[in-house]
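These notes concern the structure reproduced below.
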Amino acid sequence: MDRLQIDRVRRFNRTVTERVGVLHDHYLGRDRPIGEARLLWEIGEQGQDVRRLRDRLGLDSGYVSRLLRSLEADGLVTVEPQPQDRRVRTVRLTGAGRVERAALDARSDELAGALLGPLNTAQRARLVAAMAEVDRLLTAATVTLDTVDPEHPDARHCLRAYYTEMQECFETGFDPARSLLPDAGELRPPRGRFLVARLHGEPVGCAGLKLPPGAPAEIKRMWVAPDARGLGLARRFLGELEARAAQAGCTVLRLDTNKALTVAIGLYHSYGFQEVAAFNDEPYAHHWFEKRIGEP
C-alpha cells in the first residue's frame, strides 16, 4: 500500500472528525454521543430489526446492545421481540425519540450549512461534488464478497432478480429452463464457486464460476443490483473469479452473453477478454469470450 496514500487518508479522517464534531460526547450539542444519535436516525419512523440495524452500521452486537439500552433508559426507543420469533428483536422510536430525531435532523442541517457557508459558490459546488465521489468510493469499499452455497437465500434472491431482469431486457424474454444454467453442484467446491456481494448486509450481486476438470473455467450468472451499479462491482467480480480460476490451475476463462447487454460486452472487452467462436449451445448467447489467465 502506498505510504503517501495512507497518510492522506489519515489526514482526511482527522479533518472530517474535527469538522463534523464527532470528537465530542455531546454530538450536535445534544446529550448523547454520535453512536446513539446515528442509531436514532437509522431506526427511522418505521422501526428496524436490531440485527439488520447492526449489519447496516457494521457494529458488533454487544456495542449495539449498550447503545440501545442507553436510548431505552432515556425513553427514546422500545425494543421488543417479534411474536413469531422471539430471537428477532425490533426497535422503534417513542414519541420522545421522534422529537429527539427531529432535533438531530435540524442540527445536522445547521452543521452542513456551517461547512458550506464560508465557501464561495464555486467552492461549494466543488466540495459537494467531492463529497459525492468520496461517498461513492467509500460505499464501494464496504461491499463484501463471500463464497456461499448456490442454494443460500441470498444467492437465490440474486438469481431471481437476475432472471427477472433478463426476462425484461432480452428480445425473446428469458426462461431459465431453456438456458444452459449450471445445477447447484457445478457451482460448489471443488467443481465451482458461487459469490454473493453484500452491501450493509444486504445481497446486491452474484457471480458463479464453473471449474470443470480438464476444461476452461467459465463465468456464469454474473449480476449486480441496479442500486449498486457504478461501484465497480462487476469488474471486482471478474478479478475475483479470475484469481480463483487461476488458483485452480486454469489457463483459460470463458463466458458468454446476450447482445442486449451492451454495457457488459464493453466491460469484457476492457477487461482483456477476446471474442471467439461459439463454444456452447446457449440459446440466449450472441457473443462468446475467452481470456488467457495465470500468465505473467
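The values are calculated or read from the model by the stated rules, or taken from the named source; none is laboratory data. As the structure is a prediction and not an experimental result, all values here were calculated from the model. Virtual Cβ from ideal backbone geometry, glycine too; neighbours counted across all protein chains shown. Surface accessibility is based on the protein's heavy atoms, side chains included, excluding ligands, DNA and RNA. Shrake-Rupley method; radii C 1.70, N 1.55, O 1.52, S 1.80 Å.
Somewhere in segment 258-265, is a residue in the same structural domain as V224 (by the TED database) and either in a strand (DSSP E or B) or farther than 19 Å from E168 by Cα (or both)?
No, the conditions are met nowhere in segment 258-265.
Starting from segment 39-51, take each residue that is in contact (Cβ under 8 Å) with a residue 24 or more places away in the chain and list its partners that are acidic (D, E), counting only C-beta distances under 8 angstrom and pairs at least six apart or across chains.
Note: pairs meeting the criteria are L40/E100; W41/D105; Q48/E42.
If we keep just the residues of segment 13-63 that are among the hydroxyl-bearing types (S, T, Y) and under 23 Å from M131 (Cβ atoms), which is most open to solvent (accessible area, probe 1.4 Å)?
In this case the residue turns out to be T15.
Just one of the numbered conditions (1) open to solvent by 30 Å² or more (accessible area, probe 1.4 Å); (2) touching a helix residue (DSSP H, G or I) at 6+ places or on another chain (Cβ under 9 Å); (3) aliphatic (A, V, I, L, M) is not true of A215; which one?
Every condition holds for A215 apart from (2).
I'd like to check something: does segment 285-292 contain any residue that is surrounded by fewer than 20 Cβ atoms within 10 Å (Cβ to Cβ) and of a type in the set (G, A, S)?
Yes: segment 285-292 contains one or more residues that are surrounded by fewer than 20 Cβ atoms within 10 Å (Cβ to Cβ) and of a type in the set (G, A, S).
Go through segment 31-56 and give me each residue that's modelled with pLDDT under 85 and within 19 Å of the chain's Cα centre (by Cα).
D55, R56
Quick grid of which residues meet (1) outside any loop (DSSP other than H, G, I, E, B); (2) in contact with a Cys (Cβ under 8 Å, 6 or more places away or on another chain); (3) surrounded by 14 or more Cβ atoms within 10 Å (Cβ to Cβ); (4) without any contact (Cβ under 8 Å) to a residue 40 or more places away in the chain:
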| site | (1), (2), (3), (4) |
| --- | --- |
| L181 | no, no, yes, no |
| G185 | yes, no, no, yes |
| V196 | yes, yes, yes, no |
| R221 | yes, yes, yes, no |
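Answer yes if at least one residue in segment 97-120 is more than 17 Å from L28 (Cα to Cα), out of contact with any Asp or Glu (no Cβ under 6 Å at 6 or more places or on another chain) and assigned to a strand (DSSP E or B), and no otherwise.
No, that holds for no residue.
Output the qualifying pairs, or none if there are none: Cβ atoms under 9 angstrom, residues six or more apart or on different chains, first residue in segment 120-147 and farther than 27 Å from L241 by Cβ, second residue in a helix (DSSP H, G or I).
Within 9 Å, the pairs are Q123/L116; R124/L116; L127/L115; L127/L116; V128/L116; V134/F12.
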